[in-house]
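Engineer: The structure's right below; bear with me while I get my questions together.
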Amino acid sequence: MKETTRVNQLSHQIIGGAIEVHRLKGAGLIETIYQRCMERELDLRELTAVRQMEVDIEYKGLVFRELYFSRKNGHGNLVN
C-alpha cells in the first residue's frame with residue numbers, strides 16, 4: 001500500500017473518531033475528558049495511542065519541555 005494511502009486511511013480513522021467523540025459528548029468539557037474518550041475511541045478502532053509524553057519544544061530560541069499527545073499505530077507515528 002502506498003504511504004500516502006495508508007496515512008490518508010489512518011487520518012480518516014482518527015478524524016472520524018474525534019467526530020464521534022464530539023457527537024456523543026458535545027462541547028464544553030475539559031480537555032482531559034475528551035482525551036480519555038478519544039483514547040477509548042482509538043482503542044475501539046484498534047489504533048494504539050501513546051497518551052502523553054514529555055518533549056522538548058523550541059520557539060524562537062526558547063526551549064521548554066511540555067506534555068504532548070502523540071497518536072500512533074503499529075506502523076509508526078502519524079503525529080510526531
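Derivation of every value follows stated rules applied to the coordinates shown; laboratory data play no part. All of these numbers come straight from a predicted model, not from anything done at the bench. Note that each Cβ is placed from the backbone with ideal geometry, even for glycine, and that neighbours are counted across all protein chains shown.
Engineer: List the GluC sites (Glu not before Pro) in region 1-52 that DSSP assigns to loop (not H, G, I, E or B) and whose Cβ has at most 16 other Cβ atoms within 10 Å. Which are they? Mind dumping the intermediate values first?
Structural biologist: Details: sites: Glu3, Glu20, Glu31, Glu39, Glu41, Glu46; in loops: Glu46.
Sites meeting the loop and neighbour criteria: Glu46.
Engineer: So for region 3-77, what are the equivalent ellipsoid semi-axes in whole Å, largest first, each being the square root of 5 times an eigenvalue of the Cα gyration tensor?
Structural biologist: On the way: eigenvalues 110, 70, 25 Å².
Output for region 3-77: semi-axes of 23, 19, 11 Å.
Engineer: Another question about this same structure. Which FRET efficiency value, to the nearest 0.05, is calculated for Arg40 and Thr5 with the Förster distance at 22 angstrom and r the Cβ-Cβ distance?
Structural biologist: Working: r = 27 Å, r/R0 = 1.21.
Between Arg40 and Thr5 the formula returns 0.25.
Engineer: Oh, and also: Could you check the spin-label model distance between Glu31 and Glu54? Points 7 Å from the Cα along Cα→Cβ, value in nm.
Structural biologist: Inter-label distance under the simple model: 1.7 nm.
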